[in-house]
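What follows is one structure encoded as structure tokens, with my remarks underneath.
The values are calculated or read from the model by the stated rules, or taken from the named source; none is laboratory data. What you see is a predicted model; the values in this text were computed from it and never measured. Positions of Cβ are backbone-derived with ideal geometry, glycine not excepted, and every protein chain shown enters the neighbour counts. Just the protein is used for accessible areas: all its heavy atoms, side chains included, with ligands, DNA and RNA removed. Shrake-Rupley method; radii C 1.70, N 1.55, O 1.52, S 1.80 Å.
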Amino acid sequence: MANKKPKYKKITSELKEKLRVSYVQGDIDPQGFRRLSTIEDLSDENELSKNTLYKLAQRENWKYQQEKFQ
């Protein structure tokens, strides 16, 4: 059997909080506008599984937090 490296990174508590803030509050772009990240964007940028990120967001109610923030 070949020794395969994992394709995705593990989610640490610091990374989880960074992802949550980026999804809920968004980031400020150079023009000063707030840009909200999607789950797909976050998974691609951080080399994480989309499915795992969707489950995390659902479990921690990120969508509700995002709506409340806005």
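Accessible surface of the chain, 1.4 Å probe: 50 percent of it comes from carbon and sulfur atoms. Check cross-link reach from LYS55 to the aspartates and glutamates: straight Cα distance under 13 Å, and skip same-chain residues fewer than eight apart. Partners found: GLU40.
Checking a compactness column here: for the chain, what do you get for Rg(Cα) / (2.2 N^0.38 Å), N being the number of residues? Write down the numbers at each step before the final one.
Details: Rg = 13.9 Å, N = 70, 2.2 N^0.38 = 11.1 Å.
The chain yields a ratio of 1.26.
Cross-link reach is defined here as a Cα-Cα straight distance under 12 Å, omitting same-chain residues fewer than 8 places apart; for LYS16 the aspartates and glutamates meeting it are GLU60.
For the stretch 13-67, which GluC sites (Glu not before Pro) are in a loop by DSSP, counting at most 10 other Cβ atoms within 10 Å? List each step's numbers first, then the result.
Values: sites: GLU14, GLU17, GLU40, GLU45, GLU47, GLU60, GLU67; in loops: GLU47, GLU60.
The qualifying sites are GLU47.
Would you work out the relative contact order for the chain, in percent, from Cα pairs under 8 angstrom that are 6 or more residues apart?
On the way: 51 pairs, mean separation 23.0, N = 70.
Relative contact order for the chain comes out at 33 percent.
Under a model in which nothing but the beta-carbon of Lys, Arg (+1) and Asp, Glu (-1) is charged, the chain shows a dipole of about 400 debye around its Cα centre.
Give a quick list of trypsin sites (Lys or Arg not before Pro) in the chain that DSSP marks as loop, anything other than H, G, I, E or B, with at most 15 other Cβ atoms within 10 Å. Can you show the working numbers first?
Values: sites: LYS4, LYS7, LYS9, LYS10, LYS16, LYS18, ARG20, ARG34, ARG35, LYS50, LYS55, ARG59, LYS63, LYS68; in loops: LYS4, LYS7, LYS9, LYS10.
Sites meeting the loop and neighbour criteria: LYS4, LYS7, LYS9, LYS10.
Counting other C-beta atoms within 10 Å, and keeping those with at most 12, which DSSP coil chymotrypsin sites (Phe, Trp or Tyr not before Pro) do you find in the chain? Mind showing how you got there, number by number?
Details: sites: TYR8, TYR23, PHE33, TYR54, TRP62, TYR64, PHE69; in loops: TYR8, PHE33.
Sites meeting the loop and neighbour criteria: PHE33.
Checking the table LYS7/LYS63; LYS10/LYS50; LYS18/LYS68 against a 21 Å threshold on Cα-Cα, which pairs fail? Pairs exceeding 21 Å: LYS7/LYS63.
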